[in-house]
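The structure appears below as structure tokens.
Only the coordinates and a few stated rules stand behind these numbers; no lab work does. All of these numbers come straight from a predicted model, not from anything done at the bench. Because the Cβ atoms are built from the backbone with ideal geometry, glycine has one as well, and the counts that use them run over all protein chains shown.
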Amino acid sequence: MPATIVLDDQVTFVTDPVNPTAGTNFTVSWQEKNIGDEDSADYQDTFDLHDGDSGDNKAVQCDPLAAGKSATRSVTFNLPEGNYTMTLVINGQGPLTLGNVIVDEAPSP
């Protein structure tokens, strides 16, 4: 089977911090795996966060992934308060809906 990159569902994606705050950076990480029996070529992932009115997406250029190997990918966001739907496109496949992340209101000074 040729290189096939998939979300590694044995490892969940994470946000750091777990409860992001509006106006501050937070990182989303996920793990993917090549379940094929050939190494992949370079490819691109796109992670998207949207709440209907606002949001952002980030493209990640990925180096080749060897057959049977996994890699952790990460992107950093800075978004206003909202309840964002997370979607991920891996190597042109998807989008996969990964649930929601709530960006809390920034604390008052």
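The separation of segment 32-109 from segment 1-24, counted between C-alpha centres, amounts to 6 Å. For segment 99-109, 3J(HN,Hα) computed residue by residue from phi via the Karplus equation (6.51, -1.76, 1.60; θ = phi - 60°) reads x, 10, 10, 9, 9, 6, 4, 5, x, 6, x Hz, glycine and proline entered as x. For segment 46-109, the square roots of the Cα gyration tensor eigenvalues, ordered a ≥ b ≥ c, give a/c of at least 1.5 with a/b greater than b/c, which places it in the prolate category. Normalised size of the chain, defined as Cα radius of gyration per 2.2 N^0.38 Å with N residues, equals 1.15. Packing order of peptides 55-67, 19-31, 78-90, highest average first: 78-90, 19-31, 55-67 (average count of other Cβ atoms within 10 Å over each peptide's residues).
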